[in-house]
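Asks: Mind looking over this structure? Questions follow.
The values are calculated or read from the model by the stated rules, or taken from the named source; none is laboratory data. In this text the structure is predicted, and so the values were computed from the model without any measurement. FYI the Cβ positions are ideal-geometry reconstructions off the backbone, even for glycines, and counts take in every protein chain you see.
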Amino acid sequence: MKVLILHFTKTGHTLEAANATAEGIRSAGSEADLIAAQDFDSAQLTGYDALIVASPCWAGSAGRPILAKPLDRALAALAADDLQDMHCGGISVHARIGAENTVRRIGEILSQKGCTDYGPGPVARAGVPFSIWKGPSVSPQDEARFKNYGAMFVR
């Protein structure tokens, strides 16, 4: 299986989670490529069997969860059936709370684009809310959860 991990990160924490997920996918014998949301074009989906979206949690605990704008734009550019017959997933990193809502929102958006096989992934806490300071990284325990998710995703 060949998996595209579409991600956005501002501080690097979501990229840590995406890299750990990719490592799990590769350890299970599949391929994984990471593409930053701002560099994504829907034509890049050609040749992939699956898509995982990795988003930071932005206001995920207050009202309707939102994704990072670059991810929102990238996913909005997909046609209504671009993800038909694809296995899809979502992961998120939050500084305080709400990442589960972000993963749920990823699933909603991907289903609007044709995905009927969505596997929600883990969330992790990293960083500091509303700060320019990077804060703590994704913990080794959470990295292990992302790796496990990646391996299980392709099985």
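Asks: Evaluate the following for Gly107: is it modelled with pLDDT under 95, surrounded by 14 or more Cβ atoms within 10 Å (Cβ to Cβ) and within 15 Å of the chain's Cα centre (by Cα)? Working first, answer last.
Replies: On the way: modelled with pLDDT under 95: no; surrounded by 14 or more Cβ atoms within 10 Å (Cβ to Cβ): yes; within 15 Å of the chain's Cα centre (by Cα): yes.
No, not satisfied.
Okay, residues lined up against (1) over 20 Å from Arg145 (Cβ atoms); (2) touching a helix residue (DSSP H, G or I) at 6+ places or on another chain (Cβ under 9 Å):
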| site | (1), (2) |
| --- | --- |
| Ala18 | no, yes |
| Ala36 | yes, yes |
| Val53 | no, yes |
| Ala79 | yes, yes |
| Gly107 | no, no |
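One line per residue, one yes/no per condition, for (1) among the small types (Gly, Ala, Ser); (2) touching a Leu at 6+ places or on another chain (Cβ under 9 Å):
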site	(1), (2)
Met1	no, no
Ala32	yes, yes
Ile35	no, yes
Asp39	no, no
Leu45	no, yes
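Asks: Another one. Scan the stretch 1-10 for residues that are polar (S, T, N, Q) and buried (at least 23 other Cβ atoms within 10 Å of the Cβ) and report the count. Can you show your working first?
Replies: Initial filter on the stretch 1-10 (polar (S, T, N, Q)): 9.
If we keep only those that are buried (at least 23 other Cβ atoms within 10 Å of the Cβ) too, we end up with none.
So the answer is 0.
Asks: Which of the residues belonging to the stretch 11-60 are surrounded by fewer than 23 Cβ atoms within 10 Å (Cβ to Cβ), within 14 Å of the chain's Cα centre (by Cα) and assigned to a loop (DSSP other than H, G, I, E, B)?
Replies: Those that are surrounded by fewer than 23 Cβ atoms within 10 Å (Cβ to Cβ), within 14 Å of the chain's Cα centre (by Cα) and assigned to a loop (DSSP other than H, G, I, E, B): Gly12, Phe40.
Asks: Here are some residues: Ala95, Ala54, Ala124. Which one is more than 23 Å from Ile25 (Cβ to Cβ) and small (Gly, Ala, Ser)?
Replies: On the way: Ala54 fails: more than 23 Å from Ile25 (Cβ to Cβ); Ala124 fails: more than 23 Å from Ile25 (Cβ to Cβ).
Just a single option satisfies the conditions, and that option is Ala95.
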